[in-house]
């Protein structure tokens, strides 16, 4: 909390089907000096998708949905290009659909003034596909809005009622429900963020402000829930012990990665992210860079962390918390193992530390996307440009033929005041990928041909 300047946190640990830790620390409401309690309610944003995955799998168990069937079997009035998309492709974000989020108000993410939900869908359906169905991963809110429509139609009830009856009540989730910044919700903490610029003045440390967000009802299968760590822990127990899904095979399907057209695995399972690692398999739900929970199925362990700060990124440190219960879990994730070492020994030794860890374990290999995501979090929201640069440099060392890593390290060099190295790395990125429009634009901005 001190390192990331997080006002308030809840955490819960489930081990062998029981809640073995419930922790609540810090301030829930800064304005009124209200402390976090065990029943404080936090927005969980995209963690909601994990609940939507369970709702779909409940319908699969009942024979009302087939994951491999096209969505046109369940929904009418779809554009021809949308009709072949399967339910599973919606769940795993490989549909190729245009993202409805881009048509919402860019500040509140609510409906623009004078625009109805019907108007919004009409416009979305007129947009071109972003890729061939099943060819590319693209995190897309249209997918889960459509899943909400499927749940509504097949159950004959609004999905909010379905979730309450078939998940919240069964799981003993007394503080959980749907809503956003417009709603009055008992015991709910505001969400805060640090802004770096106020009235044109740059602030080195940033200023804490209240974060405002709207989730129109049609979007709430994607990111509209509020809950507590204890509630989610109880839900996870119900999920893993046959109260929400009857068959173990259904639970395995829930947590099994989808696939692209060529058969290679996607990053997502059914509403959950998967994290490939040789041991201590993990499935993950994250939300708004402020809420996350991770289940370690083979270890009978799950950890929930909810915060009230945009940019807290609890998914980054939950593996370390899991390491308190089993040190091997923390070490099984390359990025977590690397982060733990660099925090002690200094980020400037990133390449040296990687080589040492690789020598001890030949399978030790952080993924390019994981390193990039970690470094960007430090660069853009974490206030650690020097540390971020070292991780980007490690990524270049590990993936020297990737245009993307040169593009990223160039951005970090510029953020650290080194214009010449920024230019040379943007040029290298463009050499590797002449279609990299970002590198071309940045070079033009920096006065290069």
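For the range 127-141, a tally of residues being closer than 22 Å to residue 265 by Cβ and either buried (at least 19 other Cβ atoms within 10 Å of the Cβ) or not assigned by TED's automatic domain parsing to the domain that holds residue 82 (or both) returns 3. Filter the range 274-319 for residues that are within 11 Å of the chain's Cα centre (by Cα), surrounded by 24 or more Cβ atoms within 10 Å (Cβ to Cβ) and over 29 Å from residue 31 (Cβ atoms) and give the result. Listed by number, the list holds a single entry, 285.
Number of residues in the range 263-278 that are more than 24 Å from residue 15 (Cβ to Cβ), part of a loop (DSSP other than H, G, I, E, B) and in contact with a strand residue (DSSP E or B) (Cβ under 8 Å, 6 or more places away or on another chain) equals 2. Among the criteria (1) without any contact (Cβ under 8 Å) to a residue 24 or more places away in the chain; (2) assigned to a loop (DSSP other than H, G, I, E, B), the one residue 119 does not fulfil is (2). Answer with yes or no whether residue 171 is more than 19 Å from residue 74 (Cβ to Cβ), in the same structural domain as residue 98 (by TED's automatic domain parsing), touching a helix residue (DSSP H, G or I) at 6+ places or on another chain (Cβ under 8 Å) and buried (at least 19 other Cβ atoms within 10 Å of the Cβ). Yes: the conditions hold for residue 171.
If you go through the range 361-372 and keep only what is assigned to a helix (DSSP H, G or I) and either surrounded by 15 or more Cβ atoms within 10 Å (Cβ to Cβ) or not assigned by TED's automatic domain parsing to the domain that holds residue 415 (or both), you end up with 368, 370, 371, 372. Could you go through the range 23-43 and let me know if any residue there is more than 27 Å from residue 228 (Cα to Cα) and at pLDDT 95 or above. Looking for residues that are more than 27 Å from residue 228 (Cα to Cα) and at pLDDT 95 or above, one finds none in the range 23-43, hence no. Checked against (1) closer than 29 Å to residue 292 by Cα; (2) touching a strand residue (DSSP E or B) at 6+ places or on another chain (Cβ under 7 Å); (3) part of a loop (DSSP other than H, G, I, E, B), residue 42 passes all but a single condition, namely (3). Comparison of 101, 90 shows that the only residue that is modelled with pLDDT under 95 and in a helix (DSSP H, G or I) is 101. Residues that are in a helix (DSSP H, G or I) and surrounded by fewer than 16 Cβ atoms within 10 Å (Cβ to Cβ) within the range 428-437 comprise 431, 437, listed in sequence order. Scanning the range 293-327 for residues that are in a strand (DSSP E or B) and in contact (Cβ under 8 Å) with a residue 60 or more places away in the chain returns 293, 301, 302, 303, 304, 305, 306, 307, 309. In a loop (DSSP other than H, G, I, E, B) and surrounded by fewer than 16 Cβ atoms within 10 Å (Cβ to Cβ): is that true of residue 114 in this structure? So residue 114 fits the description; yes. Restricting attention to the range 104-135, the residues that are on the phi > 0 side of the Ramachandran plot and modelled with pLDDT of 95 or more add up to 1.
Can you tell me which residue in the range 322-340 is surrounded by the fewest Cβ atoms within 10 Å (Cβ to Cβ), limited to those that are in contact with a strand residue (DSSP E or B) (Cβ under 8 Å, 6 or more places away or on another chain) and within 27 Å of residue 359 (Cβ to Cβ)? Among them, the one singled out is 326.
The values are calculated or read from the model by the stated rules, or taken from the named source; none is laboratory data. None of the values given here were measured: they were computed from a predicted structure. Quick reminder, even Gly has a Cβ in these numbers, built from the backbone with ideal geometry, and neighbours come from all protein chains shown.
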